[in-house]
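The values are calculated or read from the model by the stated rules, or taken from the named source; none is laboratory data. Given the structure is predicted, the values throughout are model-derived calculations rather than measurements. Cβ placement follows ideal geometry from the backbone for every residue including glycine, while neighbour counts extend to all protein chains displayed. Protein only, heavy atoms only, side chains kept; ligands, DNA and RNA dropped before computing areas. Shrake-Rupley method; radii C 1.70, N 1.55, O 1.52, S 1.80 Å.
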Amino acid sequence: MSSTGWKKVLWETQPFPDNYIHPHSFLSSLRRNPNFKPYTYWPLVLLSCPITQHLATIFTFLAVFVRLKERWLDARVLLWVSIISFFGGYALCEILSYSNTVNGVPSRQTSCIAIPELFTDWLHQSGSKTIKSSLLVFLALMGLSPVLRTLTAATSSDSIWALSACLFLLNALLADYSTLKPAPHSQERLTSVLSMNAAISSSVVLASRLPDDLAVFSLVLFAVQLFALFPIMRHRLQVAPQVVQILFTLTLCVVSFVLTVPLSISVASIYAGILIAVTFVAPGVLVWAQKYKKQVTSPSFFLAYLLTRLSAVR
């Protein structure tokens, strides 16, 4: 049967079957991966930095806990480190936030100019509120420390280690690693809240194994900074230059590795392997696997399928 005069319409009577397709137009509008944007390796490595930073904070916390438990670290030293880190991190967050909103000028052009004005505004506006809130948290944790120390007295240590590992795994899986700049006054995602709760719960059950109240108080305060406040600063740093991101990630990895090596070389090697795999191996696997991506879309394909079904019904 000649295909001369065939038209791709159903409302016109033609001497062809309903499921007829011209040989030259069959699957002519088929498109493979129409909206596909291929990944490149180094941008993926930069995008994996938040994951590496979060894992490094978990490893750092575990190393600090072991040192407190074995009395290799004075709880007063950790307390002062936490207090100094809090004020330093808060000042950095305010600098980043203020320098990105002044007159809509990018942070690279205003950061040096806005620093004096920033601290003036900070002292008169948000500084007093932050200090009051910090004192309330500080006093609440201090009052709860004796209770937290005896919280799991009737529970075996093996159950505590297993529960803590599961909670930290849940924290790592549900954490918010997005690199998008958060909108002002935006609400936290549910997964971020669950991730923070899992980390704080794990820190509390681990702190209950420490020998004295001051060590419990110092560790829980350190955990609040790492798992509740540090993610806020990490999101603020997303607008910083890539060099800052790389140096910040490298610093956290080195700190976690240095704190772990004296405790166990094998555990430190596992930590290093995990960080290297997440940062460098996983992006390479994703780049390699994208060649197998096959997404086929075409209006003609669905039309031909419908015509075939209609002819089968007849």
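Rundown of residues vs (1) under 28 Å from Val66 (Cα atoms); (2) small (Gly, Ala, Ser), yes/no style:
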residue: Val220; (1), (2): yes, no
residue: Pro231; (1), (2): yes, no
residue: Pro241; (1), (2): no, no
residue: Thr249; (1), (2): yes, no
residue: Ser256; (1), (2): yes, yes
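Which ones in the stretch 145-158 are open to solvent by 70 Å² or more (accessible area, probe 1.4 Å) and either at pLDDT below 85 or in a loop (DSSP other than H, G, I, E, B) (or both)?
Filtering the stretch 145-158 down to residues open to solvent by 70 Å² or more (accessible area, probe 1.4 Å) leaves 147, 149-151, 153-154, 158.
Thr150, Leu151, Ala153, Ala154, listed by residue number.
Here is a list: Pro38, Pro15, Pro23, Pro34. Which entry is surrounded by fewer than 12 Cβ atoms within 10 Å (Cβ to Cβ), modelled with pLDDT under 90, in contact with a strand residue (DSSP E or B) (Cβ under 9 Å, 6 or more places away or on another chain) and not aromatic (Phe, Trp, Tyr)?
Being surrounded by fewer than 12 Cβ atoms within 10 Å (Cβ to Cβ), modelled with pLDDT under 90, in contact with a strand residue (DSSP E or B) (Cβ under 9 Å, 6 or more places away or on another chain) and not aromatic (Phe, Trp, Tyr) holds for just one of Pro38, Pro15, Pro23, Pro34, which is Pro34.
With the structure loaded, tell me whether Trp72 is assigned to a loop (DSSP other than H, G, I, E, B), of a type in the set (A, V, I, L, M, F, W, C), exposed (fewer than 15 other Cβ atoms within 10 Å of the Cβ) and modelled with pLDDT of 90 or more or whether it fails that test. Show your work before the answer.
On the way: assigned to a loop (DSSP other than H, G, I, E, B): yes; of a type in the set (A, V, I, L, M, F, W, C): yes; exposed (fewer than 15 other Cβ atoms within 10 Å of the Cβ): yes; modelled with pLDDT of 90 or more: yes.
The answer is yes for Trp72.
List pairs: first residue in the stretch 199-221 and more than 11 Å from Val147 (Cβ to Cβ), second residue hydroxyl-bearing (Ser, Thr, Tyr) and not in a helix (DSSP H, G or I) anywhere in the structure, Cβ distance under 8 angstrom, at least six positions apart or on different chains.
Sorted first by the residue in the stretch 199-221, then by its partner, the pairs are Val205/Thr152; Arg209/Thr152.
Every residue, every condition in (1) closer than 22 Å to Leu62 by Cα; (2) more than 16 Å from the chain's Cα centre (by Cα); (3) open to solvent by 40 Å² or more (accessible area, probe 1.4 Å); (4) not hydrophobic (A, V, I, L, M, F, W, C), yes or no:
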residue: Leu226; (1), (2), (3), (4): yes, no, no, no
residue: Arg236; (1), (2), (3), (4): no, no, yes, yes
residue: Val239; (1), (2), (3), (4): no, no, yes, no
residue: Gln242; (1), (2), (3), (4): no, yes, yes, yes
residue: Leu250; (1), (2), (3), (4): yes, yes, yes, no
residue: Val254; (1), (2), (3), (4): yes, yes, yes, no
residue: Val261; (1), (2), (3), (4): yes, yes, yes, no
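Any residue in the stretch 180-191 that is of a type outside the set (S, T, N, Q) and open to solvent by less than 30 Å² (accessible area, probe 1.4 Å)?
So in the stretch 180-191, the residues of a type outside the set (S, T, N, Q) come out as 180-185, 188-190.
Checking the rest, the ones that are also open to solvent by less than 30 Å² (accessible area, probe 1.4 Å) come to none.
No, the stretch 180-191 contains no residue that is of a type outside the set (S, T, N, Q) and open to solvent by less than 30 Å² (accessible area, probe 1.4 Å).
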